[in-house]
Structures are given as C-alpha cells and as structure tokens.
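Asks: I'd like to ask some things about the structure below.
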Amino acid sequence: MFFIALDTETTGLDPKNDRLIEIAALKIDENGTVLDTFHTLLNPGITLTEFIKHLTGIQDEELRTAPALESVKNDLIAFIGNAPILGHAVQFDIDFFIANNIPVSGQIFDTLHLAQTLLPHEASYSLEILSKKYDLIHENKHRALDDVRATIALFQFLKEKITKIPESMIPQMQAILEKSDWSWRKIFEENFLKTNV
C-alpha cells in the first residue's frame, strides 16, 4: 500500500476566495519511504498579505515566476490519481483542491485524528507543536514540502505507538474497529499483529 502525503500553502483560509501558493505531494510506502515527488510554488495572481509572508516565508517575488495552477493541474491530478491521501488536518488542503476542481477520490488518512486517538491528553495537536514535543524533524514550518515530511514522520511515530498498545487492550479495540469504517482501521489491525509477533 502507498499513500500520497500532501500539504498546501495558501493566501488565506477560505477555499472559495483564497488561492493556493504552494503544493507538495510525496508518494510514500507504509514505511514512509519517498517513492516520487510533486512540488511547486504557484503564482496566485495577487499580492500576499504581510501575515502570509511572515507565516510561510514565501515572498511575492518568488511567486511572480512560478506557474499558474492551471498549467500544473493536470500533472497534479495524474500524480494523485485515486491513491489514499495522508495529511495533517488534511481536509483543509482537500477543500482547496475541490474548490479548484482537483478531484480527490482516494481514502483519507488524517494524522490529526490518529494523534487525537493515540495521544489523548495533548494541549495542542498542531503539527508544529507535536513535532517539537516528540523530536520529529520539521525544518521549515508552514512550507508545504517540510510540512509533508513532518507529517510522514508523525505518521511513523504514531504507527510505532500502535505496536505498543498493551496486549490486554487489543481484543476490546479490535471489537470496536470491526464495527467501524474508520480509515485508520487497517493500519491499527496490521500493527496490532506486530505486537504479538
């Protein structure tokens, strides 16, 4: 099984009115090994706010020579295909894709939801804070490519957590998962088995 791990940077929070300025998508296997990469800045056709410049470090000058979304859209659609999607709070990115007629048909795996399940007492579930707390590499925060890499590291960290679930709890959790269509069900079941090997 492989995933398309993705992240975007945008001019704001509203998919209908704001625009994509960076897309990173990495095709990875279940071990987090990168098999292929799609990464580009995008020219939004508008000036960035000072807030977005400060948050992302992206400057208007970088985007003036970047391609427009329409010129890379078909390549992105082909890259994603119908593969499962992995991301952190990934519905945000998907909403921007949908608003820009980029179909997403694969199953969604959100590491935010997985972290909330396996780390139930965190003060924050932001990728930045979880990465810092658990010593995961996250170099350039709020840049799509590095955010994707941090998400992959978080995914691997959380999968390891599954293998350490006490054996006494597994039957009860399996009973719950059997009645669930949660996207993470298969990952749990596969990694439960590793506990008992």
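The values are calculated or read from the model by the stated rules, or taken from the named source; none is laboratory data. Keep in mind it's a predicted model, so treat the numbers as computed, not measured. Here Cβ is always computed from backbone atoms with ideal geometry, including for glycine, and neighbour counts include all displayed protein chains. With ligands, DNA and RNA removed, areas are computed over all heavy atoms of the protein, side chains included. Shrake-Rupley method; radii C 1.70, N 1.55, O 1.52, S 1.80 Å.
Asks: Looking at the stretch 1-86, what helices (runs of 4 or more DSSP H) fall wholly within it and have at least 1 residues that are under 27 Å from SER183 (Cβ atoms)?
Replies: Filter on the stretch 1-86 gives 69-80.
Asks: Residue pairs, Cβ under 7 Å, 6 or more apart or interchain, first in the stretch 40-68 and farther than 16 Å from ARG143 by Cβ, second open to solvent by less than 30 Å² (accessible area, probe 1.4 Å) and small (Gly, Ala, Ser). List them.
Replies: Filtered contacts from the stretch 40-68: ASN43/ALA66.
Asks: Shifting gears a bit: Pairs, please: C-beta under 7 Å, at least 6 apart or cross-chain, first residue closer than 21 Å to ILE85 by Cα and in the stretch 13-28, second polar (S, T, N, Q) and not in a strand (DSSP E or B)?
Replies: As it stands, the answer is ARG19/THR11; LEU20/ASN100; ILE21/THR11, since those pairs meet every condition given.
Asks: Being open to solvent by 70 Å² or more (accessible area, probe 1.4 Å) and acidic (Asp, Glu) narrows it down to one of ASP181, ASP95, ASP147, so name that one.
Replies: It is ASP181.
Asks: Could I ask something else about it? How many of the residues in the stretch 121-136 are assigned to a loop (DSSP other than H, G, I, E, B) and open to solvent by less than 80 Å² (accessible area, probe 1.4 Å)?
Replies: Residues flagged as assigned to a loop (DSSP other than H, G, I, E, B) and open to solvent by less than 80 Å² (accessible area, probe 1.4 Å) within the stretch 121-136 amount to 6.
Asks: While we're looking at this one, here's another question. If you check LEU55, LEU6, LEU42, which single one turns out to be in contact with a His (Cβ under 6 Å, 6 or more places away or on another chain) and either modelled with pLDDT of 95 or more or not charged (D, E, K, R) (or both)?
Replies: Exactly one residue qualifies, and that residue is LEU55.
Asks: In this structure, is GLU139 open to solvent by 30 Å² or more (accessible area, probe 1.4 Å), within 23 Å of VAL34 (Cα to Cα) and part of a loop (DSSP other than H, G, I, E, B)?
Replies: Yes: the conditions hold for GLU139.
Asks: Within 30 Å of LEU114 (Cβ to Cβ), modelled with pLDDT of 95 or more and either of a type in the set (Val, Ile, Thr) or surrounded by 13 or more Cβ atoms within 10 Å (Cβ to Cβ) (or both): does that describe THR65?
Replies: Spelling it out, it is not the case that THR65 is within 30 Å of LEU114 (Cβ to Cβ), modelled with pLDDT of 95 or more and either of a type in the set (Val, Ile, Thr) or surrounded by 13 or more Cβ atoms within 10 Å (Cβ to Cβ) (or both).
Asks: I'd like the residue in the stretch 142-197 that is part of a loop (DSSP other than H, G, I, E, B) and under 15 Å from the mean Cα position of the chain (by Cα) and, out of all such residues, is nearest to GLN107 (Cα to Cα).
Replies: So the residue we want is SER183.
Asks: From PHE2, PHE109, grab the single residue that is touching a residue at least 60 places away in the same chain (Cβ under 8 Å), open to solvent by 40 Å² or more (accessible area, probe 1.4 Å) and in contact with a strand residue (DSSP E or B) (Cβ under 7 Å, 6 or more places away or on another chain).
Replies: Of PHE2, PHE109, the one residue that is touching a residue at least 60 places away in the same chain (Cβ under 8 Å), open to solvent by 40 Å² or more (accessible area, probe 1.4 Å) and in contact with a strand residue (DSSP E or B) (Cβ under 7 Å, 6 or more places away or on another chain) is PHE2.
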